[in-house]
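Student: Right, I'll just put the structure down here and ask away after.
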Amino acid sequence: MQQECIEMKIIDVITGEKPSLSFEVFPPKTEDKYENVVAAAEKIATLHPDYMSVTYGAGGGTSEYTADIAQRLSRMGVNSMAHLTCVSSTKERVREELAGLRDRGIQNILALRGDIPPNFDPSAMDYHFAYELAEEIRDFGGFCIGGACYPETHPESESGIKDLEYLKIKAECGCEFFTTQMFFDNNILYNFLYRMLRSGVDVPVVAGIMPVTNKKQIERIMGISGTALPQRFVRIVDRYGDKPEAMKQAGIAYATEQIIDLYANGINAVHVYSMNNYDVAKRIQENLSEIIR
Ligand code: FAD
């Protein structure tokens, strides 16, 4: 049964007068962790961010969780966005997912390809690129659709120019806004926005910021090819990487400073990869309380 819809479309949230601050959560891979993740997501929702997004396991294993968590957030009065990926999604399954999200009252979807798992045969996919999924969602109707973009160029892309050509196609196929991959040097984003506009891609961009608060995260980021770590950031990690509380404090301060610079330069929408961590989300929001008022 269709539920009463209280959600705003993300495009209206991020193009409003007020700077927006939003948080991302991810569902668990296994059922035993589900209640803990729900509790963490709901705790973050008590901060009443402008919206929250819920990621999607590219293998599809957590798709039910994504929709369920997004609906719970929405019931708490927080605009929510469900991620959806092409990897291992048949057309039939996508239509089922879309009908399910609509019935739960979800208004916003981030359309993604997903990372292709090793030994996965991409020829078996019904959708090969995110633009095809965005097109399907647009044809289904009723959703505000976002997509991903890469200020440092997607690692599989043959060139930055090609990546932007494909980004343009994604916008033409229904993506109304893009959320960036994490970056640690704002100049990289400013340069990207300039190149984006020059390429004729004129849709709002939400800056994705990752507060790095522990060593494990740093190792993961190093594994994401193409993410430049500025010397200023590397020095912080060198000095505090082995001191968990100090690293957390420094990581939150670094992310806060990045966000203030973004807002000051007219980037009005920031999405924090809060990694289900209430404390990090809360401290960042507190640090910005007067700025996002
Ligand atoms: P696409 O836009 O399809 O691009 C993928 C590659 O194909 C790029 O190199 C692009 O240049 C190229 N390409 C695009 N169109 C064409 C074309 N027409 N012809 C030839 N080449 C083309 N992953 C998850 O599994 N779950 C999530 O919830 C999730 N959330 C994310 C959120 C954000 C904000 C970001 C930045 C990433 C997220 N990811 C997630 C990771 C993402 O799925 C991967 O980075 C993936 O490798 C690319 O996804 P995409 O949607 O950008 O793909």
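The values are calculated or read from the model by the stated rules, or taken from the named source; none is laboratory data. No experiment lies behind these values; they were computed from the predicted model shown. With ideal geometry, Cβ positions are generated from the backbone for all residues, glycine too; neighbour counts draw on all protein chains shown. Surface areas here come from the heavy atoms of the whole protein model, side chains and all, with no ligands, DNA or RNA. Shrake-Rupley method; radii C 1.70, N 1.55, O 1.52, S 1.80 Å.
Student: Please compute the Kirkwood hydrodynamic radius of region 203-258 from all pairs of different C-alpha atoms, in Å with one decimal. Show your work: numbers first, answer last.
Tutor: Working: mean 1/r = 0.0844 Å⁻¹.
Across region 203-258, the inverse of the average 1/r is 11.8 Å.
Student: Taking amide H atoms as placed 1.01 Å from N in the peptide plane, list the residues 5 or more away in sequence, or in a different chain, whose amide H sits under 5 Å from that of MET275.
Tutor: GLU24
Student: Whole-Hz ³J(HN,Hα) for each residue in region 249-255, computed from phi via Karplus 6.51 cos²θ - 1.76 cosθ + 1.60 with θ = phi - 60°, x for glycine and proline: what do you get?
Tutor: Couplings: 4, 5, x, 5, 5, 4, 5 Hz.
Student: Oh, and also: Quick one: what do you get for the chain if you divide its Cα Rg by 2.2 N^0.38 Å? Let's see the in-between values first.
Tutor: Working: Rg = 18.2 Å, N = 293, 2.2 N^0.38 = 19.0 Å.
So the chain has a normalised radius of gyration of 0.96.
Student: Which residue, chosen from MET210, ALA130, PHE177, occupies the Cα position most advanced towards the positive end of the dipole of the chain, where the dipole is computed from +1 (Lys, Arg) and -1 (Asp, Glu) charges on Cβ about the Cα centre?
Tutor: After comparing all options, I get MET210.
Student: Name the residue, out of GLY141, GLY105, GLY241, whose mean-square fluctuation peaks in a Gaussian network model built on the chain with Cα pairs under 10 Å.
Tutor: Comparing GLY141, GLY105, GLY241 in the GNM, the peak value goes to GLY141.
Student: Then there's this: Report, by chain and number, residues whose modeled amide H sits under 5 Å from the one on THR62, excluding near sequence neighbours (fewer than 5 apart, same chain).
Tutor: When sequence neighbours closer than 5 places are left aside, the close amide H contacts are GLY57.
Student: Between ASP242 and TYR166, what FRET efficiency comes out of the Förster formula 1/(1 + (r/R0)^6) with R0 = 30 Å and r the beta carbon distance, rounded to 0.05?
Tutor: Working from the Cβ atoms, E equals 0.15.
Student: Divide by every residue of the chain the summed helix terms, -39500 (n - 2.57) for each DSSP H run of at least 4, and state the resulting mean residue ellipticity at 222 nm, rounded to the nearest 500 deg cm²/dmol.
Tutor: -13500 deg cm²/dmol
Student: Here is a further query. Starting from the Cα of GLU31, step 7 Å toward the Cβ, then list every residue of region 74-114 with an amide N under 16 Å from that point.
Tutor: Answer for this model: none.
Student: A follow-up question, please. Calculate the spin-label point distance for ARG95 paired with VAL234, positioning each point 7 Å from the Cα along the beta-carbon direction, and give it in nanometres.
Tutor: Calculated label separation equals 5.3 nm.
Student: Here's something else I'd like to know. Could you order HIS48, HIS83 by accessible surface area, starting with the largest, using a probe radius of 1.4 Å? Kindly include the intermediate steps, with their values, before the conclusion.
Tutor: Working: HIS48 120, HIS83 15 Å².
If we order HIS48, HIS83 from most to least accessible, we get HIS48, HIS83.
Student: Anything over 27 Å Cα to Cα? Flag those among LYS29/LYS243; LYS18/LYS243; LYS18/LYS282; LYS33/LYS168; LYS9/LYS162; LYS9/LYS248, in the order listed.
Tutor: Long pairs (Cα-Cα over 27 Å): LYS29/LYS243; LYS18/LYS243; LYS33/LYS168; LYS9/LYS162; LYS9/LYS248.
Student: Sequence-distant or interchain residues sharing an amide H contact under 5 Å with SER20, placed H: which?
Tutor: Correct list: ALA269, VAL270.
Student: With every protein chain kept in the model, how would you rank VAL94, VAL237 by accessible area, 1.4 Å probe, largest at the top?
Tutor: Reading off the accessible areas and sorting them downward yields VAL237, VAL94.
Student: For the chain, set up a Gaussian network in which alpha carbons nearer than 10 Å are linked by springs, and say which option among GLU245, GLU24, GLU135 fluctuates the most.
Tutor: With Cα springs under 10 Å in the chain, the top fluctuation among GLU245, GLU24, GLU135 is at GLU245.
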